[in-house]
Each structure stands twice: as C-alpha cells, then as structure tokens.
Amino acid sequence: VQLAESGGGLAQAGDSLRLSCSASGRPERNYPVGWFRRAPGKEREFLASISWNGGLKRYADSVKGRFTISRDNTENTVFLQMNSLKPEDTAVYFCARQWGTYYDRASSYENWGPGTQVTVSS
C-alpha cells in the first residue's frame, strides 16, 4: 500500500487547511495512521494518530485543540484538519501507517508518503 499526502499550500496566520492522506490500492484491512511534520532544520515531529476504526485519536500538545484527525475508510483516506494556523506550523507534512507500539515515534511507522508542504505567513 502506498500513501500520498495532499492539500498543502500557502496560508496566512489564522487560516485553515485540510490535509488528506490517501492509500493507493486496496489494503487488506484498515490500519492506524499517523501524521508527522518536519520543519527546516528540525526533527520529524509527531502530530496526531488515529486507530483503524477512528475510535481512538491522539494528539501532540503543540496541536491539541487546533488540529483534528479523522478518517473515511470507505475512501481509504485519513484527514488532518488544521485550524488557527501559525507561522511555526510551516513544515512538510507526512502521513504513515503505524505498525509499532509507540504511536508518537516515527520508528513505529512505515509506508511514508512523500509529504506535502505547508507554508504559513504572518
């Protein structure tokens, strides 16, 4: 299964964007998915994860209350709704499939998409 992100772009502070993570092909079953981002000169940062059926969602403190993760399994797509964007949200955003135990560690994920750039101006 290949994942691909879309929906990034240019935004102003306070704007909203919705990112999509789509799976090509038809997975044999649904799986947990996480969103990460990497800002210039920084490590990849966990943002949010969602369980295979959407019943369990987790967020990093830095985005809690502003970002919402959701999924539509009929469309094999996971979304990241980003509200009240800030310049420090500027980064490349990635989604990936979780296979490992620790939902907030990049090492627990595989099938990374190529990323989508989000740039927020003040």
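The values are calculated or read from the model by the stated rules, or taken from the named source; none is laboratory data. These numbers were taken from a predicted model, which means no experiment stands behind them. As a convention, Cβ positions derive from the backbone with ideal geometry for all residues, glycine included, and neighbour counts pool all protein chains shown. Note: accessible area is taken over every heavy atom of the protein model, side chains too, but ligands, DNA and RNA are not part of it. Shrake-Rupley method; radii C 1.70, N 1.55, O 1.52, S 1.80 Å.
Summary of computed values
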read-out	value
Inter-residue pairs, beta-carbon under 6 Å, first in contact (Cβ under 8 Å) with a residue 40 or more places away in the chain and in the range 92-115, second of a type in the set (Lys, Arg), 6+ apart	Val92/Arg38; Tyr93/Arg37; Tyr103/Arg58; Ala106/Arg44; Asn111/Arg97
Strands (runs of 3 or more DSSP E) wholly inside the range 25-79 that include at least 3 residues being open to solvent by 30 Å² or more (accessible area, probe 1.4 Å)	57-59, 67-72
Subset of the range 1-29 that is touching a Pro at 6+ places or on another chain (Cβ under 8 Å) and modelled with pLDDT of 90 or more - its residue that is nearest to Lys86 (Cα to Cα)	Ala13
Residue match in the range 61-84 (condition: farther than 24 Å from Ser122 by Cβ and in contact (Cβ under 8 Å) with a residue 60 or more places away in the chain)	yes
Scan of the range 108-122 for residues that are open to solvent by less than 40 Å² (accessible area, probe 1.4 Å) and in contact with a helix residue (DSSP H, G or I) (Cβ under 8 Å, 6 or more places away or on another chain), ordered by number	Val118, Val120
Some residue of the range 91-107 being in contact with an Asp or Glu (Cβ under 6 Å, 6 or more places away or on another chain), in a loop (DSSP other than H, G, I, E, B) and either open to solvent by 60 Å² or more (accessible area, probe 1.4 Å) or more than 24 Å from Ser122 (Cβ to Cβ) (or both)	yes
